[in-house]
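As C-alpha cells, the structure follows; a few thoughts come after it.
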C-alpha cells in the first residue's frame with residue numbers, strides 16, 4: 001500500500017492519546033499540549049510526556065512550548081521558563097519542539113525564536129500558529145526560514161480555518177524553501193481535508209485534533225468546585241471516529257496518487 005501523508009494529532013490528555021494511538025502509523029506523531037479547550041494549547045506537564053513515551057515509544061512526540069494564553073510576545077522571564085521547559089523535554093527524549101515568538105507589531109521575533117531553537121538543538125522545531133498573527137505572510141515565511149533549526153510552519157493561512165485560508169496555503173506551499181514543511185491546521189476533518197487537497201494539492205502533512213468539547217456531566221463535587229473557581233470540568237476530547245475518517249481519506253488519497 002502506498003504510504004499516506006503523516007498526521008500530527010494534537011492532544012492534551014492521556015485519554016485522547018489512548019483513543020488516537022491505535023489509528024496511527026509510523027511517521028505520525030502527537031503534538032502534546034495542555035489546556036487545548038481554554039488556552040488553545042499550552043506547555044504540557046512533564047508527567048504526561050513521560051507516560052506517553054513509555055506507552056507509545058513508536059509515536060513521535062512534538063511538545064508545545066507556550067507558557068500562557070494570549071499573545072506570543074514574551075518577557076525575558078517567560079523566555080527563561082520556555083528555555084528551561086525545552087531542556088527538560090529534550091532530556092525526556094521528545095522528538096521535536098513547537099514554539100513561536102513575535103514582536104509587539106506582530107513581526108517574527110527572530111532573535112528569541114533562534115535562542116529557543118538553539119536550546120532545542122538537535123531537535124527539529126515547528127513554528128506554530130503565531131505565524132497566523134503576523135501582518136505579512138511572505139515576510140514571516142522569510143524570517144522563519146532564516147532561523148536555524150526550524151523545519152516546519154504550522155498555519156491555517158492567516159484564517160480561522162485551513163479551508164478559509166486555502167488560497168494562502170497553496171501559495172505558501174510553493175513559496176517556502178525546501179527545508180521548510182508547511183503543515184495546514186485548524187478545522188480539519190475528512191471533508192475539509194478532502195476539499196483542501198483540491199484547493200492546495202501540495203499538502204505533505206496535516207495537523208488536527210479530531211476533538212470537541214466534552215462535559216463530564218454535573219456532580220455535587222464538580223458543582224462545589226465551580227462555585228469555588230476551580231473550573232467547569234469541560235475537556236477537549238479526541239473522537240476516534242473523526243480521526244479514523246481522516247486516516248481512511250489519507251490512505252485512499254495515497255492509493256489514487258501512487259506513481
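The values are calculated or read from the model by the stated rules, or taken from the named source; none is laboratory data. Keep in mind the model is a prediction, meaning the values are calculated, not measured. Positions of Cβ are backbone-derived with ideal geometry, glycine not excepted, and every protein chain shown enters the neighbour counts.
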Among 145, 35, which is the only one that is closer than 22 Å to residue 155 by Cα, modelled with pLDDT under 95 and surrounded by fewer than 22 Cβ atoms within 10 Å (Cβ to Cβ)?
35
Does residue 123 fit the bill of being assigned to a helix (DSSP H, G or I) and under 22 Å from residue 32 (Cα atoms)?
no
Please find, within region 175-194, the residue that is farthest from residue 144 (Cα to Cα) out of those that are touching a helix residue (DSSP H, G or I) at 6+ places or on another chain (Cβ under 8 Å) and part of a helix (DSSP H, G or I).
190
Please verify whether residue 174 is closer than 19 Å to residue 156 by Cβ and surrounded by fewer than 11 Cβ atoms within 10 Å (Cβ to Cβ), treating the condition exactly as stated.
yes
Looking at region 38-54, which of its residues are surrounded by fewer than 22 Cβ atoms within 10 Å (Cβ to Cβ) and either at pLDDT below 95 or closer than 22 Å to residue 84 by Cβ (or both)?
38, 39, 40, 42, 45, 46, 47, 48, 49, 50, 51, 53
Six or more apart or on different chains, Cβ atoms under 6 Å: show the pairs whose first residue is in region 9-32 and under 16 Å from residue 188 (Cα atoms) and whose second is at pLDDT below 95 and surrounded by fewer than 20 Cβ atoms within 10 Å (Cβ to Cβ).
none
Restricting attention to region 92-101, which residues are surrounded by 21 or more Cβ atoms within 10 Å (Cβ to Cβ) and farther than 13 Å from residue 150 by Cα?
94
Would you confirm whether any residue within region 74-91 is surrounded by 20 or more Cβ atoms within 10 Å (Cβ to Cβ), in contact with a strand residue (DSSP E or B) (Cβ under 9 Å, 6 or more places away or on another chain) and in a strand (DSSP E or B)?
no
Unique residue being without any contact (Cβ under 8 Å) to a residue 60 or more places away in the chain and within 21 Å of residue 30 (Cβ to Cβ) when the list is 108, 73, 125
125
Looking only at region 98-120, how many residues end up being over 17 Å from residue 77 (Cα atoms) and assigned to a strand (DSSP E or B)?
2
Take the conditions surrounded by fewer than 17 Cβ atoms within 10 Å (Cβ to Cβ) and not in a strand (DSSP E or B) and apply them to residue 167. Does it pass?
yes
Scanning for something buried (at least 16 other Cβ atoms within 10 Å of the Cβ), within 17 Å of the chain's Cα centre (by Cα) and either at pLDDT below 95 or under 16 Å from residue 141 (Cβ atoms) (or both), does region 185-201 turn up at least one residue?
yes
